[in-house]
1. Would you tally the residues in the stretch B:1-24 being within 14 Å of chain A (Cβ to nearest Cβ), in a helix (DSSP H, G or I) and either surrounded by fewer than 18 Cβ atoms within 10 Å (Cβ to Cβ) or among the aromatic types (Phe, Trp, Tyr) (or both)?
2. For A:Arg166, are the conditions met, namely being surrounded by fewer than 20 Cβ atoms within 10 Å (Cβ to Cβ) and free of Cβ contacts under 8 Å to residues at least 24 places away in the same chain?
3. Pick out, from the stretch A:495-614, the helices (runs of 4 or more DSSP H) lying fully within it that include 1 or more residues that are of a type in the set (D, E, K, R), closer than 30 Å to A:Phe305 by Cβ and within 14 Å of another protein chain (Cβ to nearest Cβ).
4. Tell me the residue from A:Phe418, A:Phe370 that is away from every other protein chain (no Cβ under 14 Å) and assigned to a loop (DSSP other than H, G, I, E, B), please.
5. Out of (1) assigned by TED's automatic domain parsing to the domain that holds A:Gln146; (2) open to solvent by less than 10 Å² (accessible area, probe 1.4 Å), the odd one out for A:Leu436 is which?
6. Within the stretch B:35-46, can one find any residue that is in a loop (DSSP other than H, G, I, E, B) and hydrophobic (A, V, I, L, M, F, W, C)?
7. Take the residues in the stretch A:64-117 that are assigned to a strand (DSSP E or B) and basic (Lys, Arg); name whichever of them is surrounded by the fewest Cβ atoms within 10 Å (Cβ to Cβ).
8. Considering the stretch A:172-229 alone, what residues qualify as being in contact (Cβ under 8 Å) with a residue 40 or more places away in the chain, open to solvent by 10 Å² or more (accessible area, probe 1.4 Å), within 21 Å of the chain's Cα centre (by Cα) and under 21 Å from A:Val124 (Cβ atoms)?
Amino acid sequence: MDDNRAFRVLSRREIELLRMQGCFAEDWGLIEVADGFDPACVRNSHFSGRVRLGRFSDNVRLPGGFEKPSGIYNAVLSNCTVGDNTRISNVPDRIANYDIAERVCIENVSTMQANPGATFGNGVEISVLNEAGGREILLFDRLSAQFAYLMCLHRYRPKLIEQLRRIARQYVESVRSDRGQVGTGARICSAEEIIDVRIGPFATVNHASSLRNGTILSSEEAPTMVGVKVIAEDFIVAESSSVTGGAMLSKVFVGQGCQVGRQYSAENSAFFANCEAFHGEACSVFAGPYTVTHHKSTLLIAGLFSFYNAGSGTNESNHMYKLGPAHEGKLLRGTKTGSFSYLMWPCRVGPFSVVLGKHSTNFDTGDFPFSHLEARSDGKCAMIPGFHLTTVGTVRDAAKWPKRDRRKDATKRDAISFEVFSPYTIGKMIKATRRLKELQDATDRSVEEVSIGGGLVKRLLLRTSQKYYRTGIEMYLLEKVVQRIEAALDDAKRNEKAGSAALQDAVYSPDWVDIAGQLMPRQRLVDLEGALETGSVATLDAFDAAIANILRHYGADEWAWVRNAYEEVFGVPVGELTAEKACAAARELLRVKSKFLNLVTADAQKEFSESSRLGYGQDGEVDDVERDFRQVRGLYEENQFVLEMNRSIEQLHQRIERIEQAIGRQQGTKSICL
Amino acid sequence: MSDVERRVKEVVARTLKIDPGRITDKSRFVEDLGAESIQSVELVAAFEEEFDIEMDEEEALEVKTVGKAVEFIQKYV
């Protein structure tokens, strides 16, 4: 409500009318109304303390086009302001110390109260990863995945942690208030108790059981929903998210575009952009962007995840009945755990790996992406590095994540790099290839298996895994270089300028890091942390700007990395490629990428194999198996994904042909400047 | 039985841990001998080591029976 707007006390006649309509005020002199106030819209209500009422001249519009008159009906209001055309109805206990904006609808709420000095979930400390403490995140409603990650995981830089906590605390103080707020257009229906909860514009709170000490961020373009039988305390739920279906949250941050429901319970956990959590349980979890857990028997505990898919019955141990729940695990981006997989913390799993079975040893395969990690009958981890590089699931995931970004608010708090193949993964693959080669050379043929960080790799597969990685490395580097060749051929001059400008701004590091979903050269991170420690980045705005700047430079930084890696892998500097070498790179890309796409398609074909038909044709004859399978699964040749892969191969051929022709037309050109 | 055929069958029996007597030229690796995808990878690696060759992954995909494996490897050795 506009604080500068003129309000007046009620006239005698208005007070009389209100009394006749069943209203009561402890002191009518403290009740103020806006110009145009209509007492007919206030009935059977009780006012205490200072109350300001807006003009009630229009109906409140509810979902489905339904409309109800604005006004105050059968409600108890204490020290509240109520905006224009808001409806408050059936609040038998009280709404106390709230500023309620325009066009809000509050119905059938028992109690809604803000207490002095409330911070609305801001300032709550949650013990993520290490359940025993030591990695606490201080919650606040502008928390990003990147801020939380540094606060949680970079404890080896105490000055940094001190500065991050100072910034967070400063923000917490800025929101401390004796009054709660309900934003414009919010709808709160049939809630039992709402204590110290700030509710953003256009949020819906529908049949929630108990909400205490929290913030529901929301906006018109990104409305947020808190639904039936939700019990939440010490929480923040961000824009475009939904928390519904009896979810139970205690000390939980739910970032933008998340879905939490179907009786999910979580404590001391943070979920960042686009997470999905249903049925199961989370305890001390750092769920980075796109962490997905859908099943009832899945417990995520004391772990770091992102772009993660938890199979049913996934479980981890962080305790082992010794010095308490002190262990933690890290599943790097893109990991999947199969049904009833079990991991014993501490453990670290490399990006885009697949974990199957019950592992009862600790291992660290963090530098071996796309690995297959399967528990043997003795509980040890059998590992095939790079095995999942060409599996159909990886390719499908890469395509689906950007399409499933549910964040609708203009401000996207978490910085996300969606790339599966990036300097982060390819850098790891280059290092992994070297390590595998060293092991291959150093291991006698009589040895059956070797240990890599606790994962046991069959000696025979050391060479196979190098082949997998080589395919990924070559495809990525060639693709990036050929993209540059194409751009250079399109507009040589413009590209030359753009290229050099981009490189001037680029930061090169041999190693890249994944900061809760954002990929960056390690040097960018070191610079940011240095700036935080020295105080040159000292505010939340400055931090967010620095993160946005790093995200903006992803392309330039990536290219700086590719140039170095290409030279290292192919022994060819890419600054100025001769026409001949550019053609050779394009042809090589055709070979490697076609091979990759063919291997992915072949993996998809397994889904149509004879063993995939098991159980089809229920109660029918032998021929019905095939008929049933065709009806349900379709034909391999007609499968959408397979068709798409085939199209990609066709387009790749055409693309390379175009490049060769374009290079041919520029025969006078000695070299192509990238 | 050629030397290649004998060695191919030995590798298959050793890798898949099955009775060599079950292995015929017509045996299909997946459907008849139960080679799961990981075992298929191990088979290729074992052939590579046994015959000191490098099998192209794409071409290897087309090798679905023991007989085809023998033919395929004979091209390399």
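The values are calculated or read from the model by the stated rules, or taken from the named source; none is laboratory data. Predicted model, so just to flag it, every value in this text is computed and none were measured. Here the Cβ positions follow ideal geometry from the backbone for every residue, glycine too, while neighbour counts run over all protein chains shown. Surface areas here come from the heavy atoms of the whole protein model, side chains and all, with no ligands, DNA or RNA. Shrake-Rupley method; radii C 1.70, N 1.55, O 1.52, S 1.80 Å.
1. Count: 1.
2. yes
3. Of the helices (runs of 4 or more DSSP H) lying wholly inside the stretch A:495-614, those with at least 1 residues that are of a type in the set (D, E, K, R), closer than 30 Å to A:Phe305 by Cβ and within 14 Å of another protein chain (Cβ to nearest Cβ) span A:579-605.
4. Answer to the check: A:Phe418.
5. It fails just one condition, (1).
6. yes
7. Out of the qualifying residues, it is A:Lys68.
8. A:Leu217
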